[in-house]
Amino acid sequence: DEGMEENFLVNAWWAANIARVASIFDIPYISFSTNYVFDGRKEGDYKTTDIPHPINHYGMAKYLGEKMIQREYSDAIIIRTSTLYGWDISVRKHLIWVLYKKIITGELLSIVDDQTILPTLTTDLAVATKHILERKDDYLGSILHLTNSSDAWGISPYNIAWQLLDFMGVKRKIEPTSLEQYVSKAKRPKNSVLENTSDIVLPNWKESLRKYIDSIQ
């Protein structure tokens with residue numbers, strides 16, 4: 001499969017090659033990974049010490065990339081994050097954009113309510129990454145879990161949809177559905193909440209979501 005081959009080339013092979021070059025020239029190297037390295041069966045947040053067990057090809061490629069990067073460059077920093085969304089108009093296929101478009105077009109809202117995630121605004125992650133680079137000696141060789149924060153444990157796409165309706169001032173009915181019923185090309189972990197034990201705390205997910213929605217309306 002051509003798409004699968006490209007997935008492993010980009011997320012594992014090429015990432016490791018860049019790590020090798022960075023190691024040769026002693027250049028700080030940060031690679032971004034994903035919550036999809038975990039299978040979603042754990043009850044509770046995933047720690048950086050938990051052993052990954054991907055259940056789809058993307059997660060497997062990312063996990064392989066992590067191992068290859070660490071082999072090539074022991075000082076490399078790996079950041080695992082989840083459910084990224086942002087302002088790049090060429091990549092508006094993320095969950096938040098899909099939900100937003102469904103709301104403004106009046107499409108039937110049937111949203112997964114039994115999956116737990118934490119959305120992450122790309123600009124928040126960029127600020128955190130800048131902070132890590134400025135203090136890189138404190139994080140060399142680390143795996144970090146960085147997502148927007150939450151007062152509650154994990155957020156479902158269903159919760160996010162209701163929050164979007166509130167921020168947009170729209171009244172709509174939402175039908176809950178299960179992850180098992182959701183039609184997707186890739187199998188998705190049921191729980192993929194990452195525990196952040198570092199000193200870097202990203203803004204609350206609701207605060208960032210509000211900022212994003214206010215800017216695109």
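Numbers for the structure displayed
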{"read-out": "For segment 114-166, diffusion coefficient by Stokes-Einstein and Kirkwood Rh (Cα), 20 °C, 1.002 mPa s, µm²/s", "value": "164"}
{"read-out": "Label-to-label distance, nm, for residues given as residue 93 and residue 50 (7 Å Cα→Cβ offset)", "value": "2.6"}
{"read-out": "Restricting segment 5-102 to GluC sites (Glu not before Pro) in coil, as DSSP defines it, with at most 12 other Cβ within 10 Å", "value": "43"}
{"read-out": "Fraction of accessible area attributable to carbon and sulfur, segment 129-191 (%, probe 1.4 Å)", "value": "50"}
{"read-out": "Rotationally averaged projected area of segment 1-74 (alpha carbon convex hull; nm²)", "value": "5.2"}
{"read-out": "Reachable aspartates and glutamates from residue 171, criterion Cα separation under 16 angstrom, eight or more residues apart if same chain", "value": "107"}
{"read-out": "In sequence order, calculated HN-Hα J values of segment 95-110 (Karplus, 6.51, -1.76, 1.60; Hz; x Gly/Pro)", "value": "3, 4, 5, 4, 5, 4, 5, 5, 5, 6, 8, x, 5, 4, 9, 10"}
{"read-out": "Where Rh is the Kirkwood radius over Cα pairs, Rg/Rh for segment 135-195", "value": "1.11"}
{"read-out": "5 angstrom amide H check on residue 47, placed H, neighbours 5+ away", "value": "195"}
{"read-out": "Inter-centroid distance (Cα atoms) of segment 37-94 relative to segment 117-156, Å", "value": "12"}
{"read-out": "Cα convex hull volume per residue for the chain (Å³)", "value": "133"}
{"read-out": "Simple label model, 7 Å out from Cα along Cβ direction - residue 168 to residue 126, nm", "value": "2.4"}
{"read-out": "Separation in nanometres of the label points that stand 7 Å from Cα toward Cβ, at residue 43 and residue 21", "value": "4.8"}
{"read-out": "Where Cα atoms sit under 23 Å apart: lysine pairs in segment 1-146 separated by 8 or more or lying on different chains", "value": "12"}
{"read-out": "Cα-based Kirkwood hydrodynamic radius, segment 47-96, one decimal, Å", "value": "13.1"}
{"read-out": "3J(HN,Hα) from dihedral phi, segment 187-196, Karplus parametrisation 6.51/-1.76/1.60, rounded to Hz, x for glycine, proline", "value": "5, 10, x, 6, 10, 9, 7, 9, 7, 9"}
{"read-out": "Hull shadow area, averaged, segment 22-137 [alpha-carbon convex hull, nm²]", "value": "9.4"}
{"read-out": "Additional length obtainable on full extension of the chain from residue 140 to residue 211, 0.36 nm per residue less Cα span", "value": "22.4 nm"}
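The values are calculated or read from the model by the stated rules, or taken from the named source; none is laboratory data. These figures come from a predicted structure and were not determined experimentally. Because the Cβ atoms are built from the backbone with ideal geometry, glycine has one as well, and the counts that use them run over all protein chains shown. Note: accessible area is taken over every heavy atom of the protein model, side chains too, but ligands, DNA and RNA are not part of it. Shrake-Rupley method; radii C 1.70, N 1.55, O 1.52, S 1.80 Å.
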